[in-house]
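The values are calculated or read from the model by the stated rules, or taken from the named source; none is laboratory data. No experiment lies behind these values; they were computed from the predicted model shown. Using ideal geometry, Cβ is built from the backbone for each residue, glycine included, and neighbour counts are taken over all protein chains shown. Surface accessibility is based on the protein's heavy atoms, side chains included, excluding ligands, DNA and RNA. Shrake-Rupley method; radii C 1.70, N 1.55, O 1.52, S 1.80 Å.
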Amino acid sequence: MATLQLSIRDLRRRWKPSKERLGSHPTAIRFHRACSWLDRAEKLQQEDLDLVLVNQWIAFNALYGQWDFAKCESRQDRDSWRAFLTKTLQLDTKGYLGEMLVTHQALVLTLAEDEYLAGFFWKEPSAKNRQSARNLKHRVRSWYGEQNWTLVLDHLLEKIYLLRCQLIHGAATYGGKLNRVALKRSVQMLWHLLPACLLVYIDHGADQDWGLLCYPPMQNPLLGNTEFGRKPR
């Protein structure tokens, strides 16, 4: 399975039957939003890695984002993406995600040992924590041996999320030289991960309950969409 060879146009074409059947259903909106941002990232490609990663993460967020009905606000990112990936892995009967992770294991391990993408390193930047971060690749290798894709993906996304937060919260320089290697690797990894997730979504996700959609389109700007805020059935 060569998910990298699937363009956004290819993914949209595969989704088209479900799109026509679902209409404006929240599941279709999630897919449409995700592809809109990935399409922009695809057009940028190597010319602007900072914005590529930001657009990739927004696309991912469009898929995993959850609305907290009680608090009337978006749920925490980590809880939402973990729920999304758990469900996606359960639906992935063709093994898209597992195959992708095996194919790109070297890249996953390289990201795993990057101390600058480890949250605990920044709490106390030291030689000890630097080495501890680099040793994380051994733990990830053990998860590969167990085929524990849930832990591999969660660890991987924690790494990329830290870089995403640095960019979004102004903790990195636009086009800065210091994070180019980590940024390039993270972008490459998301180009493998996101198409694999979307393939599962296309094959098995059309009729699944993906939770309350954040900020759905309003049919009437004065009255609003009567579906907004309702708990999923």
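Going by accessible surface with a 1.4 Å probe and the largest first, Val140, Val181 read Val181, Val140. Basic side chains Lys and Arg get +1 at the Cβ, acidic Asp and Glu get -1 at the Cβ, and with that the dipole of the chain about its Cα centre reaches some 60 debye.
Nonpolar atom fraction for region 51-144, defined as the carbon and sulfur part of the 1.4 Å probe accessible area, stands at 51 percent.
Work out, in µm²/s and without decimals, the Stokes-Einstein translational diffusion coefficient of region 57-154 at 37 °C, 0.692 mPa s, Rh from Kirkwood over C-alpha pairs.
Working: Rh = 15.3 Å.
Taking Rh from Cα pairs, D becomes 215 µm²/s.
Across q = 0.10, 0.19 Å⁻¹, region 92-196 modelled as identical point scatterers on its alpha-carbon atoms has Debye log10 I(q)/I(0) values of -0.28, -0.97, in the order of the q list.
A cut-off of 5 Å between modelled amide H atoms, ignoring neighbours fewer than 5 places along the same chain, links Ser74 with Asp68. Descending by average beta-carbon neighbour count within 10 Å, the peptides 190-197, 102-109, 84-91, 120-127 line up as 190-197, 84-91, 102-109, 120-127, the highest first.
To the nearest 500 deg cm²/dmol, what mean residue ellipticity at 222 nm is calculated for the chain from DSSP H runs of n ≥ 4 alone, each contributing -39,500 (n - 2.57), summed and divided by the residues?
On the way: 11 runs with 150 residues, N = 233.
Value at 222 nm, helices only: -20500 deg cm²/dmol.
For the chain, take the longest principal axis of its alpha carbons; what is the angle in degrees between that and the long axis of helix 8-22, to the nearest 10 within 0 to 90? For helix 8-22, the angle is close to 30 degrees. Roughly speaking, what is the centre-to-centre gap between region 86-115 and region 159-195 when only Cα atoms are used, to the nearest Å? What the calculation gives is 18 Å, centre to centre. As I understand it, the value is the acute angle between the Cα axis of helix 149-168 and the longest principal axis of the Cα atoms of the chain; what does it come to in degrees, rounded to 10? For 149-168 against the chain, the angle is about 90 degrees. Once C-alpha pairs closer than 8 Å and six or more residues apart are averaged by separation and normalised to the residue number of the chain, the relative contact order reads 30 percent. Based on protein heavy atoms only, region 44-113 ends up with 45 Å² per residue of surface accessible to a 1.4 Å probe. Taking the longest Cα principal axis of the chain as reference, the axis of helix 26-44 is set at about 50 degrees.
In terms of overall dimensions, the C-alpha atoms belonging to the chain reach 58, 38, 36 Å along their principal axes, ordered largest to smallest.
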